[in-house]
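Novice: Please see the structure below; I have some questions.
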Amino acid sequence: MIENYDSVDVFIGVDVGKSEHHAVALDRTGKRLYDKALPNDEAKLRAVIQKFKVRGTVLPVVDQPETVGALPVAVAYAEGILVAYLPGLALRRIADLHAGEAKTDARDAAIIAEAARTLPHALRPIRLEDEQVAELSMLCGFDDDIVGQMTATSNRIRGLLMQIHPALERVLGPHLDHPAVLDLLQKYPTPTALTAAGKVRVGNRLLTLAPRMGRRLAEEIFQALSEQTVIVGGTHATRAVLPRLAEQLSMLHRQRAEIAVEVAEVVDANPLEPIITSMPGVGVGTAARVITEISGKESATAGHLASYAGLAPVTRRSGSSIRGEHPSRRGNKVLKRTLFLSAFAALSDPVSRTYYDRKIAQGKRHNQALIALARRRCDVLYAMLRNGTLYENKTSIRT
């Protein structure tokens, strides 16, 4: 619910876009005061807001508070007014209540403005992120991009190895995240090159970056090489492709390590860091995701935070045939995944493990028990953030 909603005089619905937005302004009676395309330009955005500020309190509402919608939000706060967010799913469902099936920017902007005027409970207040959180959000987003590229490149390497020598892929494929294997593929990219180098030379090269598994991996490589004598078509071309892919993957690993250092520095400077990382199973990466995903989002209760994270179960009942609770398919998927993985990492903690084992004993499957644990840990996290206190391991997590 938006604070001081009853004092709002003008509701501005903004359907954001890359080059221009569309804005529709309504007064409290529903009279349309403005309905035009609005360039994604600071001066034009300020002019529209200032035009309606003379009428009283203005409430702009956007359907996307980040990326292309970041400038309208920043301008609104620079003008000293509150700005709200109408989630996309809510917008689509509200749109179904309006006549017509057209999907236009003007129609969406009008629906946003009308929802702001008549359905205040559907709105979410937005606080302008400080520079620290904005920086952390950008770094985490770039890390996601790197992970995606790493996965694609790794899959491409495994696909080529599977094509020319399946036995070799079974040995090297699971170790493509190790710098020793990537270095080996850059030096000896084909089965012929590996065979010509010999077991001793390959083993010595692996030992440089993998002192523990170098010799063992060399043995496995040459055992795999001995299992295939035919040369598959296209094998010769891998001399040009595999070294470049291996070099690209190595570069992506280095970039991610560099980004991790910068993320750690930003997280360490955040006042929430000591609170969040005091929980078992929460490291720098998890803390970074929690900070970026909850910053600026207000939760009235622990249940609201769990619902926002998609961890609150959904009750479904219809007569006597459909009864029960099911996992939610909504919520912030990034935060849900973060809390789920954190719960898994916390299984070494006695309190978390006891709760998990209790759920397993009740007949829940592994993932169900982890989701239940993540929900309980979400409640604890909410209390810690609300009270500004560190995690205490004195009491067990209750059922």
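The values are calculated or read from the model by the stated rules, or taken from the named source; none is laboratory data. Note that the structure is predicted; figures quoted are calculated from it, not measured. As a convention, Cβ positions derive from the backbone with ideal geometry for all residues, glycine included, and neighbour counts pool all protein chains shown.
Novice: From the set of residues in the stretch 181-228 that are at pLDDT 95 or above, of a type in the set (Lys, Arg) and under 23 Å from His253 (Cβ atoms), which is surrounded by the most Cβ atoms within 10 Å (Cβ to Cβ)?
Specialist: Arg205
Novice: Report, by residue number, each residue of the stretch 54-69 that is more than 20 Å from Thr118 (Cα to Cα) and surrounded by fewer than 17 Cβ atoms within 10 Å (Cβ to Cβ).
Specialist: Val54, Glu66, Thr67, Val68
Novice: Another one. Quick one: which helices (runs of 4 or more DSSP H) lie wholly within the stretch 3-109 and hold at least 2 residues that are touching a residue at least 40 places away in the same chain (Cβ under 8 Å)?
Specialist: Per the criteria, 70-78.
Novice: Check whether at least one residue in the stretch 19-38 is out of contact with any helix residue (DSSP H, G or I) (no Cβ under 9 Å at 6 or more places or on another chain), over 13 Å from Ala116 (Cα atoms) and surrounded by 14 or more Cβ atoms within 10 Å (Cβ to Cβ), and report yes or no.
Specialist: For the stretch 19-38, residues out of contact with any helix residue (DSSP H, G or I) (no Cβ under 9 Å at 6 or more places or on another chain), over 13 Å from Ala116 (Cα atoms) and surrounded by 14 or more Cβ atoms within 10 Å (Cβ to Cβ): absent.
Novice: If you don't mind, another one. Before we move on, is Val133 surrounded by 17 or more Cβ atoms within 10 Å (Cβ to Cβ) and either at pLDDT 95 or above or part of a loop (DSSP other than H, G, I, E, B) (or both)?
Specialist: Against the criterion (surrounded by 17 or more Cβ atoms within 10 Å (Cβ to Cβ) and either at pLDDT 95 or above or part of a loop (DSSP other than H, G, I, E, B) (or both)), Val133 does not qualify.
Novice: Continuing with this model, one more query. Are any of the residues in the stretch 236-245 aliphatic (A, V, I, L, M), within 12 Å of Ile164 (Cβ to Cβ) and in a helix (DSSP H, G or I)?
Specialist: Yes.
Novice: Report, by residue number, each residue of the stretch 331-346 that is surrounded by fewer than 21 Cβ atoms within 10 Å (Cβ to Cβ), farther than 17 Å from Gly303 by Cα and in contact (Cβ under 8 Å) with a residue 12 or more places away in the chain. Step through it out loud before you land on a result.
Specialist: Here is the first cut: in the stretch 331-346, the ones surrounded by fewer than 21 Cβ atoms within 10 Å (Cβ to Cβ) are 331-334, 337, 340-341, 344-345.
From what is left, the residues that are farther than 17 Å from Gly303 by Cα are 334, 337, 341, 344-345.
If the condition is that a residue be surrounded by fewer than 21 Cβ atoms within 10 Å (Cβ to Cβ), farther than 17 Å from Gly303 by Cα and in contact (Cβ under 8 Å) with a residue 12 or more places away in the chain, then Val334, Leu341, Phe344, Ala345 are the ones that fit.
Novice: Which of the residues spanning the stretch 245-277 are free of Cβ contacts under 8 Å to residues at least 24 places away in the same chain and hydrophobic (A, V, I, L, M, F, W, C)?
Specialist: Hits for the stretch 245-277 are Met251, Ala257, Val261, Ala264.
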